[in-house]
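Trainee: Mind looking over this structure? Questions follow.
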Amino acid sequence: MLSPALRSFALLLAALTLTLTGGFPTAPVPAAVAASAVQPTTSTRHAVRSDTSISSSDQPQLTVNVDGGAELATHVALNLEVTGTAPPATAIDTTQVVLSMRRSLLTSTTAVDSWMAPDATTPAVQLATSAPFQVAAGAQSVIPLSVPAEQIPTWNSRSQEGALGFSVRLGRTGTRTPFVTSWNVTSRDVRDVRLVVPITTPAAGTTALIPAASLGTLTSASGALTQQLAAVDRAPVVLAVDPRIPASIEALGSKAPRSATAWLAQLKAQEHLIPLVYGDADTDTIASLGTRTLPNTDIGKRLPWTRTDITVSPGPTTAGLRLLRSGGYTTAVVRGEALSGTATALSRNRLSNSSTKIVATTTALDEVLSDLNASTTLSEQGRLINQFAANALVESLQKAQPPAVTALLPFGWWQHADQVRALHGATPSAYGLQWSGAIHAESGSRTQIRIGEQLAPATAPTPGAQTLLQSLGTVGTFSKVVTKGVPKTAANRLALTLLSRSWTADSTERQTAITTATTANQEYGTAVQLSSATAVTLVSGNSIIPVPVQNTSDWPVRVYVETAPSNGRAQVTQHVAVNVDPHTSETARVPVSAVANGSVNLVFRLATADGTIIGKPLVRTMTIRAEWEGWVTAILATLLGIFLLAGIIRAFRRGRRGDGPGAPPAKHAH
């Protein structure tokens, strides 16, 4: 008896189930396979339809359900039901269903893609023909088919693992509907499939944060963000989120639209979250402009990230990977087609480029997802979902394959979110695969890889983009003196938003925004300045020189006034700190000591706490004069004192000589 895991293998009934209900099943999906799908019904859980392009075909449709699961092995019969659906205006006349099988086992994605192509001409063996039937216009009919195990031509593949290719068609000349089952797959072959899902906005905009009105639209019942999250809500996938979205909602606080607040709470409840670069910026273009350090945008606490050292870089350059690493991203999810070497060799090894680890996606899966995103009929959607599952199966069966295969949804996938819902519901129940949100660089031998040089950056360099990036240095220096707030964060966010992948290179709106942002950044270089250059005369040994500091910015600052005399006639021994509120001036009081008479230039500079000079220096000429009034007074007083003291001494000496023995007698008058 087959194990429960094997009994649950299915080709596509899960996809059919998801298409019928419009949401993820709440109970185990029946073990069955659908090679195409029928018109969906309304879902109460996911009432929002993300596209209107999927429609029923005007051609007859065949849907295949494999009884007992999609897993076939030796001694297992093939029992299936084929549902024929007639177009709304055309009946299916009397015909038969013809079942055929590919002669050899499918063991590679190339073989699967070839078999699943609508116009495939691969030789096939006819296995069975149904009884004749008719279907009225717009109606359905279920046709059973059964092939005993001994009549299934798998004699040459009994010891192999892989997939079996089948097809059904109406009559011998009708359009073929291909489908695939697994062959000899056992429970130990169950592997993980990682689906990386970008969560982005349709357009980047020209502001560092998304305005409240735009957030209200994006998170409304039919909004792009609502559709994206509804399609993968609580599913075991990897959500790669543009940090600009949660940062914008949190910045508004209580002023954020209720729908945006609810959406953010729903996002935070998801299990596997990794960040994109802010604004989904094109880091390869940024690196090509000479930037070596990724601007910091403070995203660390915006969401309960599963990991913050991993991001998505679909088709990177070597310089782009270095830039990502400077921002703390040590691992990058990269499309397999962007790497040199064969897809199989790349996917089986632990990859690295310089010091960056790489999670390479499976090219065959990415290509199917791209086609699925562009599919326009339910029949095409069902075929592509079946093809994705079969490719994931044969890729996962490679003996040297890591424990998971990885696929990346195209950016902008949300316009066809129903296909993603159907895909995600189908594959875990098919071929012994399961979805997984765990993502990391694979263990095993490390292979040094080379980035494909033929891939150009997604966004062509825009005139002024390099100057914009260079102006961020001016904002960064100014931010060192700001006492409350971080202006460089807002400037960095805006720059990355204006270099988003969602922009077209010739956008005049973006060009205007780049010019405006560059000018605003450069103005920070003169936002805090020294004012007044009046000459000063120093007439005392120590004096206080007033130095006005002006702040024209919106930020409070604390700067240090440094003073350097041009010669040794004056001495300044300390720097003076001064706090200046926005759009005001304050006076720094600089102590200066006179050393000698003469003229000296005092050079005043503003500096940050770490000594970085900001703004332009101010030069004041100072004349130093000795205090001659004080010195003359002191000298005269000293001389007068000396003369007075000398007079007293002489008088005293004379007096003593007149009163002693031997003095002549006094003369008396007669």
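The values are calculated or read from the model by the stated rules, or taken from the named source; none is laboratory data. Every value quoted in this text rests on a predicted model; they were computed, and no experiment measured them. Positions of Cβ are generated from backbone atoms using ideal geometry, with glycine treated the same way; all protein chains shown enter the neighbour counts. For the accessible areas, the whole protein counts, side chains as well, though only heavy atoms, and no ligand, DNA or RNA atoms are used. Shrake-Rupley method; radii C 1.70, N 1.55, O 1.52, S 1.80 Å.
Trainee: Identify all residues within the stretch 552-569 that are over 42 Å from the mean Cα position of the chain (by Cα) and either at pLDDT 95 or above or assigned to a strand (DSSP E or B) (or both); write none if there are none.
Mentor: Of the stretch 552-569, the ones over 42 Å from the mean Cα position of the chain (by Cα) are 563-569.
Matches in the stretch 552-569: THR563, ALA564, PRO565.
Yes or no, residue by residue, for (1) basic (Lys, Arg); (2) closer than 20 Å to GLU71 by Cα; (3) modelled with pLDDT of 90 or more; (4) assigned to a helix (DSSP H, G or I):
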position: VAL98; (1), (2), (3), (4): no, no, yes, no
position: VAL112; (1), (2), (3), (4): no, yes, yes, yes
position: PRO118; (1), (2), (3), (4): no, no, no, no
position: ILE143; (1), (2), (3), (4): no, no, yes, no
position: GLU150; (1), (2), (3), (4): no, yes, no, yes
position: ASN156; (1), (2), (3), (4): no, yes, no, yes
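Trainee: When the stretch 155-214 is examined, which residues are found to be under 30 Å from VAL277 (Cα atoms) and free of Cβ contacts under 8 Å to residues at least 60 places away in the same chain?
Mentor: Going residue by residue through the stretch 155-214, those that are under 30 Å from VAL277 (Cα atoms) are 191-214.
Residues satisfying the conditions are ILE210, PRO211, ALA212, ALA213, SER214.
Trainee: Continuing with this model, one more query. May I ask you to say which residue of ALA495, ALA505 is buried (at least 23 other Cβ atoms within 10 Å of the Cβ) and either of a type outside the set (Asp, Glu) or closer than 18 Å to THR293 by Cβ (or both)?
Mentor: Numbers: ALA505 fails: buried (at least 23 other Cβ atoms within 10 Å of the Cβ).
Being buried (at least 23 other Cβ atoms within 10 Å of the Cβ) and either of a type outside the set (Asp, Glu) or closer than 18 Å to THR293 by Cβ (or both) holds for just one of ALA495, ALA505, which is ALA495.
Quick grid of which residues meet (1) within 18 Å of GLU81 (Cα to Cα); (2) in contact with a helix residue (DSSP H, G or I) (Cβ under 7 Å, 6 or more places away or on another chain); (3) hydroxyl-bearing (Ser, Thr, Tyr); (4) surrounded by fewer than 20 Cβ atoms within 10 Å (Cβ to Cβ):
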site: LEU99; (1), (2), (3), (4): yes, no, no, no
site: ASP113; (1), (2), (3), (4): no, yes, no, yes
site: ALA117; (1), (2), (3), (4): no, no, no, yes
site: THR121; (1), (2), (3), (4): no, no, yes, yes
site: ALA124; (1), (2), (3), (4): no, no, no, yes
site: GLY138; (1), (2), (3), (4): no, no, no, yes
site: GLU150; (1), (2), (3), (4): no, no, no, yes
site: SER159; (1), (2), (3), (4): no, no, yes, yes
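Trainee: Please report, ordered by residue number, the helices (runs of 4 or more DSSP H) entirely within the stretch 412-526 with at least 2 residues that are modelled with pLDDT of 85 or more and within 30 Å of GLU271 (Cα to Cα).
Mentor: Values: elements: 417-426, 465-479, 487-498, 508-523.
So the answer is 417-426, 487-498.
Trainee: Quick test of your reading of the structure: ARG172 fulfils all but one of (1) among the basic types (Lys, Arg); (2) at pLDDT 90 or above; (3) part of a loop (DSSP other than H, G, I, E, B). Name the failing condition by number.
Mentor: (2)
Trainee: Examine the stretch 570-592 for a residue that is in a loop (DSSP other than H, G, I, E, B) and in contact with a Lys or Arg (Cβ under 6 Å, 6 or more places away or on another chain), and state whether such a residue exists.
Mentor: The answer is no; no qualifying residue exists.
Trainee: While we're here: Which residues, counting only those in the stretch 593-614, are open to solvent by 80 Å² or more (accessible area, probe 1.4 Å) and out of contact with any Lys or Arg (no Cβ under 8 Å at 6 or more places or on another chain)?
Mentor: ARG605
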